[in-house]
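**Student:** This is the structure I have questions about; it appears just below.
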Amino acid sequence: MTTTAEGLATAVGPAVEKALATLLSSARAFGDSYPDDTTRDNRYALRPADATHAAGANRGWTTSFPAGMHWLAWELTGQDEFRVHGLRHARSFDRRVRAGDDLETHDLGFLYTLSCVAPWRLLAGTEGAASDEDRAAAAAARDAALLAADHLMGRLLEPAGIVQAWGDLTDPAQRGRTIIDSLMNMPLLSWAGEQTGDPRYADAVRRHTAQLREHMLRPDDSTVHTFYWDPVTGEPLRGATEQGAFDDSCWARGQAWGIYGFALNHLATGDPELLDAAERCAAYFLDHLPADQVPYWDLVHTDGSAEPRDSSAAAIAVCGLRELAGAVGDADRAARYTAAADAMLLSLVEHCTPGAEGVDSDALLLHAVYDAPKGNGVDEGCLWGDYFYLEALVRTVRPDWARYW
Ligand code: GLY
């Protein structure tokens, strides 16, 4: 009988080939423009115009995921076209941060880690650099990422010591609120701290992540999606969901952000309590998977439910579990996380890809959910699902891959 690891070893090569072919064709089709957050009927349309942006503009929180995928693809293939697309994104993000265009969000970490830190990591050293032009582009990307990190630091609220998630800092509905996803935005600050030697960045990471661990990870190891602090006194107030089923439920993607985000912040800070938090998130997530290993959009739903799955939560969790396997320093736990990641990734390849389903789609991964309560992007592909699926594949075929985060 074939084991999961053997099954994955057979499936991963063709899965990578298919993903790269789809990615290249989308990169050519979209050029300098950006696709929408999610597909509609399994195809990406141009990002819609809003009051101040034309259709296809670089706005919102998901436009760095194509950039991240182009850098992953360049690492895998060495194909110059991917590097050219990646550098084009870096220039677009340089413009965005200098123009102060749509920066009022904690998601600056997602945006600038993948669009600017990644090319800096890949091109600034002599080893990967193809030319002086590449090195100059890497230096510009570094400057843009540092500007973004400073903007993110401006969202650190005193005295709570948390980074506000959404809205401008005077918005009464958003003041003092942060979300579990923000864990993934801290690596931009950790990187800025390493680059500049300024201890303020690491201090912000340490305080923000400690608050999330203490107040957003529940005693049963599930997480709450968002949490409010009193902006004047810094007192922790209450949890609330935005994209989960209800306030006390466990939104699947939030739990996956918890696995990967706590693990990354443990690696940056060395704080063992963050490693423990990541393992607790993983335990709850794995205990609430259906038989086929792809979670429903909220972990309150279980086998037999007619609710949609969120494949993107699984893709994020695979990356987080691979990181955890390397971090725990215990062979049994590492083997358990690796086996769980292998099973989840194999199920994604077999059940959630256009090739496996015979679906005509330019998404790499089908069956994600953006925001079920608002009926937004339900059972569709999405840019972050595609990115983390490709990162999961890269982590599988190149176990020594150096992360961008
Ligand atoms: N970070 C936004 C989301 O996961 O939907």
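The values are calculated or read from the model by the stated rules, or taken from the named source; none is laboratory data. Just so we're clear, the structure is a prediction, and the values are computed from it rather than from any experiment. Neighbour counts are summed over all protein chains in view; Cβ atoms, including those assigned to glycine, are modelled from backbone coordinates with ideal geometry. Heads up: the accessible areas ignore ligands, DNA and RNA and are worked out on the full protein's heavy atoms, side chains in. Shrake-Rupley method; radii C 1.70, N 1.55, O 1.52, S 1.80 Å.
**Student:** Counting just the residues of segment 258-284 that are surrounded by 24 or more Cβ atoms within 10 Å (Cβ to Cβ) and aromatic (Phe, Trp, Tyr), which one comes out nearest to the chain's Cα centre (by Cα)?
**Tutor:** For segment 258-284, the residue satisfying everything is TYR260.
**Student:** Residues being farther than 12 Å from PRO373 by Cα and either surrounded by 14 or more Cβ atoms within 10 Å (Cβ to Cβ) or at pLDDT below 95 (or both): count how many of those fall in segment 233-255.
**Tutor:** 11
Table: residues versus (1) assigned to a loop (DSSP other than H, G, I, E, B); (2) over 27 Å from VAL378 (Cα atoms); (3) within 15 Å of the ligand (Cβ to nearest atom); (4) modelled with pLDDT of 95 or more.
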position	(1), (2), (3), (4)
GLY258	no, no, yes, yes
LEU267	no, yes, no, yes
LEU286	no, no, no, yes
ALA291	yes, no, no, yes
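**Student:** Take ASP303 and tell me if it is assigned to a helix (DSSP H, G or I), open to solvent by 40 Å² or more (accessible area, probe 1.4 Å) and more than 18 Å from ALA15 (Cβ to Cβ).
**Tutor:** Against the criterion (assigned to a helix (DSSP H, G or I), open to solvent by 40 Å² or more (accessible area, probe 1.4 Å) and more than 18 Å from ALA15 (Cβ to Cβ)), ASP303 does not qualify.
Residue-by-condition table, conditions (1) away from the ligand (no atom under 15 Å from the Cβ); (2) touching a residue at least 40 places away in the same chain (Cβ under 8 Å); (3) not β-branched (Val, Ile, Thr):
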site	(1), (2), (3)
ARG200	yes, yes, yes
GLN211	yes, yes, yes
ARG238	yes, no, yes
ALA245	no, yes, yes
ARG253	no, yes, yes
GLY270	yes, no, yes
GLU279	yes, yes, yes
ALA283	yes, yes, yes
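**Student:** Is it the case that some residue within segment 320-343 is within 16 Å of the ligand (Cβ to nearest atom) and touching a helix residue (DSSP H, G or I) at 6+ places or on another chain (Cβ under 9 Å)? Don't jump to the end; show me each part of the working.
**Tutor:** Applying the first criterion (within 16 Å of the ligand (Cβ to nearest atom)) to segment 320-343 yields 320.
Okay, now just the ones that are also touching a helix residue (DSSP H, G or I) at 6+ places or on another chain (Cβ under 9 Å), so 320.
Yes, segment 320-343 contains a residue that is within 16 Å of the ligand (Cβ to nearest atom) and touching a helix residue (DSSP H, G or I) at 6+ places or on another chain (Cβ under 9 Å).
**Student:** Being under 17 Å from LEU183 (Cα atoms) and open to solvent by less than 30 Å² (accessible area, probe 1.4 Å): is that true of TYR296 here? Give the derivation first.
**Tutor:** Numbers: under 17 Å from LEU183 (Cα atoms): no; open to solvent by less than 30 Å² (accessible area, probe 1.4 Å): yes.
No; evaluated as a whole, the condition is false for this residue.
**Student:** Would you kindly identify the helices (runs of 4 or more DSSP H) lying entirely within segment 320-405 that contain at least 3 residues that are open to solvent by 10 Å² or more (accessible area, probe 1.4 Å) and more than 29 Å from ARG28 (Cβ to Cβ)?
**Tutor:** 331-351
**Student:** In this structure, is ASP168 of a type outside the set (Lys, Arg) and part of a loop (DSSP other than H, G, I, E, B)?
**Tutor:** Answer is yes for this residue.
**Student:** Sticking with this structure for a sec: In segment 83-122, which residue that is open to solvent by 30 Å² or more (accessible area, probe 1.4 Å) and basic (Lys, Arg) is nearest to the chain's Cα centre (by Cα)?
**Tutor:** ARG121
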